[in-house]
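In what follows, a structure is listed as structure tokens, so that the remarks can point back to it.
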Amino acid sequence: MREKASLELEKQFKQLSREVQQVKDVIKGKAETDNRINEIYKGTMILYSNLIDNPDFMFIGINPGAGYYNETNNIEKRIDFRPINEFEYVTSEGENWDYSLAKETRDVFKKSKYYNKFSRSVKTNVIFTSTHNIVDYEKLYSLLIEEYEINMYQYAKKWIIELIGMVKPKVIICEGAKAFNFLSEWYSIQFSWVNNIAKGTLVDGITFIAYKRNHSHILNREGLLTRINSLRL
């Protein structure tokens, strides 16, 4: 049975969703008249999991890929941004749409002492806007700010800080250096990479573990496993 978020968390998330929807509607409107945007923009997504208060783990990637759009040619994956019933890395196991990062993350946690907490995770991205890749997102960002004065990085910063603040995870797993570079800048974090892994405190006692990756492949899975096992939850 799906765990229900507290009324306060649901209220805060609905407010965030309304703001994201407003900006999404503006981008869709621009895409209807600007083919350059129409070719790059593939939708907007907030969560790839249930919405849970104080989860042990919150996974944060860089931005949504275009997988759903490629399958359906439809940018409206979940129109009202409702959370899904279960963490996507759990439900994808054994499915034909399973992907490398989900598989590798599951494998690491299955070897860890915290696999029993894995399914109760929240998954999102630093940037909610979907493109084929981060290079396309940078093109989209440039078009929106130069042509229409829409600063998507400012929205991304505001939204992810608000989402982290309302969810209040114990640990954030930052999926890649690009995603972590944004968070480290926005939270003014001093850190160092050791064998492609970084660990420290993000804000308000929230621990972060960040790892570097090559596309969808974690560069140091054993190192990530060691850092996860060193946690005291």
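Laboratory data are not the source of any read-out in this text; all were calculated from the coordinates shown. Computed from a predicted model, the values in this text were never measured in an experiment. Ideal geometry is used to build each Cβ from the backbone, glycine not excepted, and the neighbour counts take in all protein chains shown.
Annotations
- On Cα atoms only, tilt of 152-167 relative to the major axis of the chain in degrees: 40
- Segment 108-140-segment 162-233 distance, computed between alpha-carbon centres (Å): 12
- Helix 134-148 axis, angle to the chain major axis (alpha carbon atoms, nearest 10°): 40
- Taking every alpha-carbon pair under 8 Å whose residues sit at least 6 apart, the chain reaches a relative contact order of 25 percent.
- Looking at the chain, the DSSP beta bridges with both ends there are about 40 percent antiparallel.
- Here each label is just a point 7 Å from Cα along the line to Cβ, and for residue 114 and residue 214 those points are 2.7 nm apart.
- For residue 113, net neighbour charge (Lys/Arg +1, Asp/Glu -1) across residues whose Cβ lies under 14 Å away: +4
- Percent of Cα-Cα distances greater than 25 Å, calculated over segment 7-229: 38
- Counting beta carbons within 10 Å around each of 132, 217 and listing the fewest first gives the order 217, 132.
- Folded to 0 to 90 degrees: helix 177-186 orientation relative to the chain principal axis, Cα: 80
- For the pair residue 134 and residue 233, a Förster radius of 25 Å applied to the C-beta separation gives a FRET efficiency near 0.20, rounded to the nearest 0.05.
- Pairs from the list 139/212; 170/199; 4/178; 14/157; 103/123 with a Cα-Cα gap above 20 Å: 139/212; 4/178.
- The residue 14 and residue 98 beta-carbon pair, evaluated with R₀ = 30 Å, returns a calculated FRET efficiency of approximately 0.45.
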